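Input: a single structure, listed below in structure tokens.
The values are calculated or read from the model by the stated rules, or taken from the named source; none is laboratory data. Note that the coordinates shown come from a computational prediction; the quantities given were computed from them, not determined experimentally. With ideal geometry, Cβ positions are generated from the backbone for all residues, glycine too; neighbour counts draw on all protein chains shown.
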Amino acid sequence: MKHLLLIGVIITSAAGLHAQDKTIQNLQTEGSKNIKKDAADTAKKTWKTGGLFSINASQASLSNWSAGGDDFSMALTAYLNGYAFYKHGKHYWDNTLDINFGYVNTTSLGARKNDDRVDYLTKYGYELNSKLSLATLFNFRTQMLRGYTYDKDVKTFASTFLAPAYVTLSLGIDYRPVKNLSIFVSPVSSRWIIVKDDSLSARGIYGVDTGKHSINEMGAYVTVNYSAKLNDIVTYKGRLDLFSNYKHNPQNVDLYMTNLFAVKLSRVLSATWSLDLIYDDDTKLFGPDKNSAGLQMKSVIGAGLLVKF
């Protein structure tokens, strides 16, 4: 009988130890499992933000230089681009802000700006399919400081903040055939040209009647936006705006185009080339009689600091 009791105790103890081993093994297995993320943790971000800042500077001094030239010259150009893109389901909202400024100072010419632009573009869209959307667009464009035209030794006041300024409101179709390319087409757009300064308004320039501070135009509007990394060191950002005024000479299409190429030289250094083209049928400041429209072109090449954020 004693032997039977002893055998029973041994079997019971072994079974208990086996159960404990099983419990420990189960705890180890559960502890080694990866915790599965909740669906909210893996959801795509609704906002994408960032930008680009570039500043280029150059300075030269001459003393007893037989080949001639200005005794002193300095040039500074700066560019800031910021963006905020929202995407949720079929809804998206794109925002971009571009600020350009250029300054040059020489002994013979004095100080003057050679670039000045503030350009804000916002667009809300609702996707009909993967490439086509219904969208509404708002664009505001002006400059920050007073600008002048120079004819020989004559300096003429030509622009300042809100003089001129261009405000465009459009409703249309947004077509995105490939990544980073957007083609917005609107058959019905409203554009306001603002000349806030009294002295510029009195001259009746930029298409605004003499003494008036603004004019409204109805027309067709197209804007094409494209940005891409062309290779490991070269990036490109461009925009083309076309506007036809239904009320006045619709065949004379206004053009506004910006191009920026950035070549990465090192982690923070780069070379940049910006090329801007503008044709506005209402800006009649050119030609022999200074009363004609013309293609405006601005090209700026520089090397300096480039920071992406």
So which of 136, 142 ends up being closer than 20 Å to residue 257 by Cα, of a type in the set (Ser, Thr, Tyr) and either at pLDDT below 95 or surrounded by 15 or more Cβ atoms within 10 Å (Cβ to Cβ) (or both)? 142
Residue within segment 198-206 that is touching a Leu at 6+ places or on another chain (Cβ under 8 Å) and among the basic types (Lys, Arg) present: no
State which residue pairs qualify: first residue more than 15 Å from residue 182 (Cβ to Cβ) and inside segment 82-96, second residue of a type outside the set (Gly, Ala, Ser) and at pLDDT 95 or above in any location, beta carbons under 7 Å apart, and separation of 6 or more residues or different chains. 82/97; 84/47; 84/49; 84/95; 90/126; 90/127; 91/126
What's the number of the only condition in (1) under 28 Å from the mean Cα position of the chain (by Cα); (2) at negative phi; (3) surrounded by 17 or more Cβ atoms within 10 Å (Cβ to Cβ) that residue 224 fails to meet? (3)
Of the conditions (1) surrounded by fewer than 17 Cβ atoms within 10 Å (Cβ to Cβ); (2) touching a helix residue (DSSP H, G or I) at 6+ places or on another chain (Cβ under 7 Å), residue 208 clears all except one; give me its number. (1)
For residue 85, state whether it is under 26 Å from residue 220 (Cα atoms) and surrounded by fewer than 17 Cβ atoms within 10 Å (Cβ to Cβ). yes
Mind checking whether some residue in segment 242-256 is more than 22 Å from residue 221 (Cα to Cα) and surrounded by 15 or more Cβ atoms within 10 Å (Cβ to Cβ)? no
All but one of (1) within 26 Å of the chain's Cα centre (by Cα); (2) within 21 Å of residue 279 (Cα to Cα); (3) exposed (fewer than 14 other Cβ atoms within 10 Å of the Cβ) hold for residue 180; which doesn't? (2)
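How many residues does segment 252-309 contain that are of a type in the set (Phe, Trp, Tyr), under 18 Å from the mean Cα position of the chain (by Cα) and more than 23 Å from residue 58 (Cα to Cα)?
Here the count works out to 2.
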Could you tell me whether segment 288-296 includes any residue that is part of a loop (DSSP other than H, G, I, E, B), assigned by TED's automatic domain parsing to the domain that holds residue 55, closer than 21 Å to residue 210 by Cα and basic (Lys, Arg)? yes
Residue that is farthest from residue 171 (Cα to Cα), among those in segment 253-269 that are among the polar types (S, T, N, Q) and either without any contact (Cβ under 8 Å) to a residue 40 or more places away in the chain or not assigned by TED's automatic domain parsing to the domain that holds residue 188 (or both): 266
Pick from 109, 121: which is of a type in the set (A, V, I, L, M) and surrounded by fewer than 17 Cβ atoms within 10 Å (Cβ to Cβ)? 109
Starting from segment 133-157, keep only residues that are within 14 Å of residue 93 (Cβ to Cβ), then list their pairs with residues that are in a loop (DSSP other than H, G, I, E, B) whose Cβ atoms are within a distance under 7 Å, requiring at least 6 positions of separation or different chains. 134/128
The lone exception for residue 162 - which of (1) surrounded by 14 or more Cβ atoms within 10 Å (Cβ to Cβ); (2) at negative phi; (3) of a type outside the set (Phe, Trp, Tyr) it fails: (2)
Just one of 128, 181 is assigned by TED's automatic domain parsing to the domain that holds residue 207 and more than 24 Å from residue 259 (Cα to Cα); which is it? 128
Of (1) surrounded by fewer than 19 Cβ atoms within 10 Å (Cβ to Cβ); (2) within 21 Å of the chain's Cα centre (by Cα); (3) of a type in the set (Asp, Glu), residue 151 fails just (2)
If a residue has to be within 24 Å of residue 276 (Cα to Cα) and either aliphatic (A, V, I, L, M) or in contact with a helix residue (DSSP H, G or I) (Cβ under 9 Å, 6 or more places away or on another chain) (or both) to count, how many in segment 56-112 make the cut? 12
